[in-house]
């Protein structure tokens, strides 16, 4: 499909979230869905990913693509041309450079960029750039290192958004302002959703899971969790900003719009 403007692209993705889109020039914003964006030869394109979108961008020939990720979006960039990848907030990018191509990478905030191939890189103090095989680890210690999260005395601090009374959004029965325990905990459970408390790597990572009905009335807290009580999702998880935990303990409350230092 070849949309002529942003409105037509939005309409395509609304009816087919996984559409294959061919673009030539201009700036294109992916707000949702999991499309594949094909950048034509000799094109100059900017692709911006927002929210929870999951986008694959493929460039060919002497095309030039700039991919900018924000929120908790995920972008996979496969490039045979000259590409720039810029990541912010809790977004994740995986970059695969082919043949003689070389990507320019800049990562900021709590974002993570994993690279296979040639690249020139720069990043902020809390962002991570990883050179090597693309994929998230199964080890909690490796996950924490990737995220820049300190482990002290076998525990680490993570983030959670809750109702105004401190309870979870789904049931309203788990109180995160004290010691919260998952009654449905299953250490062998493999899926990303269910069976445990779900905690995030950053404030923006926690904020993405706020239901619409609580978007203007929620609290942001930091909790402490023992690493022995945690399980993360290896490979290419749908929600790389979170993990599952058996229990956690309240540490501190932050302003609802806090994004980290």
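The values are calculated or read from the model by the stated rules, or taken from the named source; none is laboratory data. Because the structure is predicted, anything quoted here is derived from the model rather than measured. FYI the Cβ positions are ideal-geometry reconstructions off the backbone, even for glycines, and counts take in every protein chain you see.
General remarks:
- Residues of segment 159-181 that turn out to be outside any strand (DSSP E or B) and within 24 Å of the chain's Cα centre (by Cα), as a count: 5
- Segment 13-35, residues that are surrounded by fewer than 16 Cβ atoms within 10 Å (Cβ to Cβ) and not in a loop (DSSP other than H, G, I, E, B): 14, 15, 20, 22, 26, 27, 29
- Residue tally, condition within 17 Å of the chain's Cα centre (by Cα) and part of a strand (DSSP E or B), over segment 122-147: 5
- Residue in segment 201-214 that is surrounded by fewer than 14 Cβ atoms within 10 Å (Cβ to Cβ) and under 17 Å from residue 72 (Cβ atoms) present: yes
- One residue from 244, 231, 236, 219 being out of contact with any helix residue (DSSP H, G or I) (no Cβ under 6 Å at 6 or more places or on another chain) and over 17 Å from residue 138 (Cα atoms): 219
- Applying the condition of being in contact with a strand residue (DSSP E or B) (Cβ under 7 Å, 6 or more places away or on another chain), at pLDDT below 85 and over 21 Å from residue 236 (Cα atoms) to segment 76-117 and asking which residue is surrounded by the fewest Cβ atoms within 10 Å (Cβ to Cβ) yields 102.
- Selection within segment 36-64 - under 30 Å from residue 209 (Cα atoms), outside any strand (DSSP E or B) and over 19 Å from the mean Cα position of the chain (by Cα): none
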